[in-house]
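Written out below as structure tokens is the structure these notes cover.
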Amino acid sequence: MFPSKSLSQPIRFLWIALLIGLMALLSQWVVAQAAPADKGNLPRWRGWVESRPDGTAMGTWVVGGRSFLADAGTELDEEEGPLVVGACAKVKYQTINGVDRAIEIDSEPSGDCNKPPKPTKTPKPTKTPRP
């Protein structure tokens, strides 16, 4: 893989530096391909935070009954409050190979989440008319 052993030490150093540089460029390209070009056009999901990873932001979050995978590239916005279980949140996500990858998770005012419906009273039965 490396040039012949007859090359001088400085040329070997340059060859190794070139390989490292190419690997760095390749890794940046891979990251750029995985990141969405425009967060404004991503689908959004809003709901109550039902579960989240313990002690870290990376891992599986369940918001409004839907699972999202957060990774090191996921942006957290806690401007409206902490993203704890029971908080209202909005998730911008991208589906990759059937997995909903969280691009951004924002806390939202509780009024922005669909509140569970209030139970209603059971109606009283009506009399069946007789002929």
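Among the residues making up the range 78-95, those that are under 12 Å from the mean Cα position of the chain (by Cα) and over 16 Å from PRO53 (Cα atoms) are LYS90, LYS92, TYR93, GLN94, THR95. Out of curiosity, is LEU42 out of contact with any strand residue (DSSP E or B) (no Cβ under 8 Å at 6 or more places or on another chain), modelled with pLDDT under 95 and either more than 16 Å from GLU108 (Cβ to Cβ) or surrounded by 11 or more Cβ atoms within 10 Å (Cβ to Cβ) (or both)? Considered against the rule, which asks whether it is out of contact with any strand residue (DSSP E or B) (no Cβ under 8 Å at 6 or more places or on another chain), modelled with pLDDT under 95 and either more than 16 Å from GLU108 (Cβ to Cβ) or surrounded by 11 or more Cβ atoms within 10 Å (Cβ to Cβ) (or both), LEU42 comes out as no. Flag: GLY81 matches the condition of being in contact with a helix residue (DSSP H, G or I) (Cβ under 9 Å, 6 or more places away or on another chain), part of a loop (DSSP other than H, G, I, E, B) and either at pLDDT 95 or above or on the phi > 0 side of the Ramachandran plot (or both).
The values are calculated or read from the model by the stated rules, or taken from the named source; none is laboratory data. Everything numeric here is computed off the predicted structure, so don't read it as measured data. As a convention, Cβ positions derive from the backbone with ideal geometry for all residues, glycine included, and neighbour counts pool all protein chains shown.
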